[in-house]
């Protein structure tokens, strides 16, 4: 499985993401934001956490207009897999690959702590390692993780089983407790929590491992 | 543009005393230009020159086999084996944070991160030690929110995990909060970069963000007392841009890998002036700068403004000219400015040209080396009066008083606002003693702590200074780490007052004795004086930041207490309640002496913990709040109850030093007690973990109630 981890100038979880993907068996390449295309044969593009271009305006807005993002949209439209975590989720909503937007946390403060997530669906490469309805703990670390979409979109996401994770104790005001959502073809996942920070024993929590393992299994057999 | 004439008012507005001005005349043999006056003021202010403290700082132990670089460079460096080292320092940003809390704190974090990556190290951990006025003071809430958000806003975006720190409240900080920022980075021992320039005619390159008018005169401001004109000083606070700093760090580390860097220095206090002078002085060279080449953010900037600007996220480098193209390409990749602004010259000269006009022409070595040095008069702090009687109190009431004070309540409201896990190597997060970060890709880990008990230092500067080091030693020991070295951030009042200078001298003496005895030399540090408002000084606050090594995961003590575990107390309890947390929070008293620190006992007990870690599941040191608070915190972390046999206030709340609380099962407890007996280390069983209550001397309260208090106080006070 070949994965590309995107590096914007303000990405700061790019290494963490690459470490988790490599440890899960992926062949990882780092892709610079000014690159016009992706390397050949990429199965998965991972957009990591961080502050892509400082995010002083709308998080991910400038990143979504970078050359590499045009290539990522093409990749997704060809049926490629894209995982956006934290800032990556913000970028994905800005590119339009996923609906909705991430607003400032309802409490107006940055929050870094492990939160409870309910796995809402196991019907995706990312979540097939989990049992639908099960609860896991995964760290969040964001200032703008308050998922917003209008009623129609939320109803549609729920109706199409595209809500991947919800918060068990909503930390940021997200509508319908949404922590992560899937694209229509279920190959693009955006989520605010950081599965790569719940990956090894030394993190004190390995609940994120199965997301990567599931992805590897699915993509290796694809 | 016409420069202002040099008048008496202008001289004193630059913080220069008449005798200092006379010295300038003597050095250059003529009246300085306006720009030169600014340069002298920048180099000679307390913040940059350490003129009041140098004499005493020299007495500190700074050497040891583990030390690669002691004080004098951007940060200290300590060896962690396998060709790797940790680069670290702590620095204050007190005055800017009081004036403009968010930006003051943010740029404090930015400055210390730059100090670390300037030396070739990638920052891997940050901490911050914050001291605020009393919680009910009208200014405190705004400062707490602003400072915490500023620390988080900068560090989170930059991408360094914040893994530790302190937050305290005391009326003495009402008019002058303290923000001490610590950063540590990881480097290869053979790839460290220093600031000394070498080679004549080498290009001096400006890197990073553009120069604006922000922070002009900031270091001079930081060296003055506050009064009611403080709001006018807001424009001297710089504005931080962590996104640019992140790019500057990546670009700098990439640049270093190209081999193009001869020497490099970040632009911190007094910006271009300090960095250029320092590189020239350390290399025995002169420096010529052409200011029109400096990337500028604003129009019509003068030489004076450019030389004194404290715009953030900038560096100065001496470049190998043959590698200019490679170096430039790195900065273009990261969209940062790269401008050749001058060159090294053979003569001892600091020559500043702007559009062909000479704006300053000073002897560089003299400018750097002849800063005034004062042997300020000082008086020894008088011995503390004896402690008046302390009545026995209901131990649960005593504990509740501590838990309902923001000083001793859980600080997760603060730590949740810091990204403590970015880089995915954090093993222990803030809020529970020392933080731990793994050395990426190895089995090693580094423990970090920052400590000081200002009440103790005020009562007894020597013992208080020792205690700050001893507590740092114990916090590192409690997670199984071997303490390596220390950085000191000395925050004091006006050094021109003999009693304040006496506090400083006493604290340095205590710190020096302790770091020598505990083998954790001082490798870097910072002095912040004039922390006074309207003549009222802060509590003397020598913050100690310390670093310890864990050679493997097996060395870590990371467990929690369990139902049925024995509570063992290591060390001697004499019942010292002077200057204790209980006294302050329950009786509103700050009397008596600080607890005495027996450095031999500290070393013996610390070594004992490390040598017997196989018997220890959970360990914490005893400090503020004594046995009662330590046992509660250990129980709360494990979500279990604890029963302590003792009932008397002295045993439960005394703050005697060199003590640890350990939790382990009965068999391990027996083994540990046997080992202690052989080692001559005092140990006793003081209670048992289990159940759902906190019980002391037969009086109980439900853990859930006390935990709610402990977890809720901070947010209830400030949210």
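Data overview
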read-out: Single unsatisfied condition, residue B:607 versus (1) over 26 Å from residue B:662 (Cβ atoms); (2) free of Cβ contacts under 8 Å to residues at least 24 places away in the same chain; value: (1)
read-out: Residue B:244 being modelled with pLDDT of 95 or more, farther than 30 Å from residue B:445 by Cβ, within 14 Å of chain A (Cβ to nearest Cβ) and buried (at least 23 other Cβ atoms within 10 Å of the Cβ); value: yes
read-out: Residue within region A:56-73 that is touching a strand residue (DSSP E or B) at 6+ places or on another chain (Cβ under 7 Å), crowded, with 21+ Cβ neighbours inside 10 Å, assigned to a loop (DSSP other than H, G, I, E, B) and within 14 Å of chain B (Cβ to nearest Cβ) present; value: yes
read-out: Which numbered condition residue B:702 misses (of (1) more than 32 Å from the chain's Cα centre (by Cα); (2) under 28 Å from residue B:469 (Cα atoms)); value: (2)
read-out: Test: residue in region B:462-478 that is outside any helix (DSSP H, G or I) and in contact (Cβ under 8 Å) with a residue 40 or more places away in the chain; value: no
read-out: Residue B:612 being surrounded by fewer than 24 Cβ atoms within 10 Å (Cβ to Cβ), more than 20 Å from residue B:428 (Cα to Cα) and at pLDDT 95 or above; value: yes
read-out: Among (1) in contact (Cβ under 8 Å) with a residue 60 or more places away in the chain; (2) out of contact with any helix residue (DSSP H, G or I) (no Cβ under 9 Å at 6 or more places or on another chain); (3) surrounded by fewer than 18 Cβ atoms within 10 Å (Cβ to Cβ) - the single one residue B:684 does not satisfy; value: (2)
read-out: Single residue of region A:100-128 satisfying the filter (more than 26 Å from residue A:210 (Cβ to Cβ) and either free of Cβ contacts under 8 Å to residues at least 24 places away in the same chain or touching a helix residue (DSSP H, G or I) at 6+ places or on another chain (Cβ under 7 Å) (or both)) that is farthest from the other protein chains (Cβ to nearest Cβ); value: A:101
read-out: Search result, residues across region B:382-436 that are more than 24 Å from residue B:125 (Cβ to Cβ), outside any loop (DSSP other than H, G, I, E, B) and either in contact with a helix residue (DSSP H, G or I) (Cβ under 7 Å, 6 or more places away or on another chain) or at the interface with chain A (Cβ under 9 Å from one of its Cβ atoms) (or both); value: B:395, B:398, B:399, B:400, B:401, B:402, B:403
read-out: Test result for residue A:35, closer than 30 Å to residue B:439 by Cβ, more than 14 Å from the chain's Cα centre (by Cα) and not in a strand (DSSP E or B); value: no
read-out: Residue A:204 without any contact (Cβ under 8 Å) to a residue 40 or more places away in the chain, surrounded by fewer than 23 Cβ atoms within 10 Å (Cβ to Cβ) and within 14 Å of another protein chain (Cβ to nearest Cβ); value: yes
read-out: Region B:523-536 residues that are without any contact (Cβ under 8 Å) to a residue 24 or more places away in the chain, paired with ones that are assigned to a strand (DSSP E or B) (beta carbon under 8 Å, 6 or more apart); value: none
read-out: Residue satisfying all of: in region B:144-165; facing chain A (nearest Cβ under 8 Å) and within 12 Å of residue A:110 (Cα to Cα); surrounded by the fewest Cβ atoms within 10 Å (Cβ to Cβ) among these; value: B:149
read-out: From the options B:497, B:509, B:466, residue that is touching a helix residue (DSSP H, G or I) at 6+ places or on another chain (Cβ under 9 Å) and surrounded by fewer than 24 Cβ atoms within 10 Å (Cβ to Cβ); value: B:509
read-out: Some residue of region B:650-664 being touching a residue at least 40 places away in the same chain (Cβ under 8 Å), touching a helix residue (DSSP H, G or I) at 6+ places or on another chain (Cβ under 8 Å) and more than 28 Å from residue B:452 (Cα to Cα); value: yes
read-out: Residue A:207, sole failed condition from (1) over 24 Å from residue B:418 (Cβ atoms); (2) touching a helix residue (DSSP H, G or I) at 6+ places or on another chain (Cβ under 9 Å); (3) assigned to a loop (DSSP other than H, G, I, E, B); value: (1)
read-out: Among the candidates B:172, B:126, B:184, residue that is away from every other protein chain (no Cβ under 14 Å) and closer than 18 Å to residue B:420 by Cα; value: B:184
read-out: Residue A:199 being in contact (Cβ under 8 Å) with a residue 12 or more places away in the chain, more than 11 Å from chain B (Cβ to nearest Cβ), touching a helix residue (DSSP H, G or I) at 6+ places or on another chain (Cβ under 7 Å) and closer than 22 Å to residue B:438 by Cβ; value: no
read-out: Filtered residue count, region A:1-31, keeping only those that are assigned to a loop (DSSP other than H, G, I, E, B) and farther than 15 Å from residue A:125 by Cβ; value: 5
read-out: Unmet criterion (only one of (1) more than 27 Å from residue B:668 (Cα to Cα); (2) modelled with pLDDT of 95 or more; (3) not assigned by the TED database to the domain that holds residue B:656) for residue B:578; value: (3)
read-out: Index of the failed condition, residue A:154 passing every other in (1) in contact with a helix residue (DSSP H, G or I) (Cβ under 6 Å, 6 or more places away or on another chain); (2) within 14 Å of chain B (Cβ to nearest Cβ); value: (2)
read-out: Tally of residues being modelled with pLDDT of 95 or more and either assigned to a helix (DSSP H, G or I) or out of contact with any strand residue (DSSP E or B) (no Cβ under 9 Å at 6 or more places or on another chain) (or both) across region B:499-553; value: 19
read-out: Residue within region A:22-35 that is under 19 Å from residue A:194 (Cα atoms), touching a residue at least 60 places away in the same chain (Cβ under 8 Å) and within 14 Å of chain B (Cβ to nearest Cβ) present; value: yes
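The values are calculated or read from the model by the stated rules, or taken from the named source; none is laboratory data. These figures come from a predicted structure and were not determined experimentally. Here Cβ is always computed from backbone atoms with ideal geometry, including for glycine, and neighbour counts include all displayed protein chains.
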